[in-house]
Amino acid sequence: MRDDRHQQQAHRHSRLEKPTNLGPEASRDICAGLNVLLADMFTLYLKTKNFHWHVSGAHFRDYHLLFDEQANQIFATTDAVAERVRKLGGTTLRSVGHVVRLQRLADNDADCVEPLTMLVELRDDNLQLAAHLRETHDICEEHGDVASASFIENWIDEAEQRVWFLSEASRGHEGSVGGFVPD
């Protein structure tokens, strides 16, 4: 009986050992930053899918396809972020409630959102995500985690590409939306 208990404790301890040679502070800081990014990515994914499902108007097909493509790209990134956290010995998000507690990007629960507003909101959210990615990149560099930093560099590029596409799709519309005045 005593041996069984000892083996269970040893097994639990071995599961919690981090599979990296980064220090405990580095692992803690990087995993915390990545988990907040993960919450933002889930938030942005759901908002992008929401707009994909509810867009209407003259450019329906173009926006519908653009939002779907971008949502798929964001969702694909979530697995890489979560797996990086696990590689560093951390734990990832466990529930929608956990996402809500960590997210920095705003939800949009409106019944009806104009297509131009959708474009501008997603553009601004992706700009904000790129800024948060840069902050987390700095944490990774500070701790010498070149692998996480390398992933983040690619994710910044993806976010900036989404910003570009959303900006170009909204170019030429008259007036302003949410403080955005097209060129």
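The values are calculated or read from the model by the stated rules, or taken from the named source; none is laboratory data. Since the structure is predicted, the reported quantities are computational estimates derived from the model, not experimental observations. Cβ coordinates were reconstructed from backbone atoms using ideal geometry, including for glycine residues, and neighbour counts include every protein chain displayed. To get the accessible areas, we keep the full protein, side chains included, count just its heavy atoms, and leave off ligands, DNA and RNA. Shrake-Rupley method; radii C 1.70, N 1.55, O 1.52, S 1.80 Å.
Structure values in brief
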{"item": "Coordinate range along principal axes, alpha carbons of region 24-70, Å, largest first", "result": "53, 13, 9"}
{"item": "Three principal axis lengths of region 58-143 [C-alpha, angstrom, descending]", "result": "48, 27, 20"}
{"item": "Highest to lowest packing among 113-122, 97-106, scored as the average C-beta count within 10 Å", "result": "113-122, 97-106"}
{"item": "Rg ratio (alpha-carbon, reference 2.2 N^0.38 Å) - region 109-159", "result": "1.50"}
{"item": "Karplus-derived HN-Hα couplings along region 158-166 (A = 6.51, B = -1.76, C = 1.60, θ = phi - 60°), whole Hz, x at Gly and Pro", "result": "4, 5, 5, 5, 4, 4, 4, 4, 5"}
{"item": "Cα shape, region 87-126, gyration tensor, a/c 1.5 rule", "result": "prolate"}
{"item": "Solvent-accessible area per residue, Å², over region 63-110 with all protein chains present [probe radius 1.4 Å]", "result": "54"}
{"item": "Relative contact order of region 19-102, pairs being alpha-carbon contacts under 8 Å that are 6 or more residues apart, as %", "result": "48"}
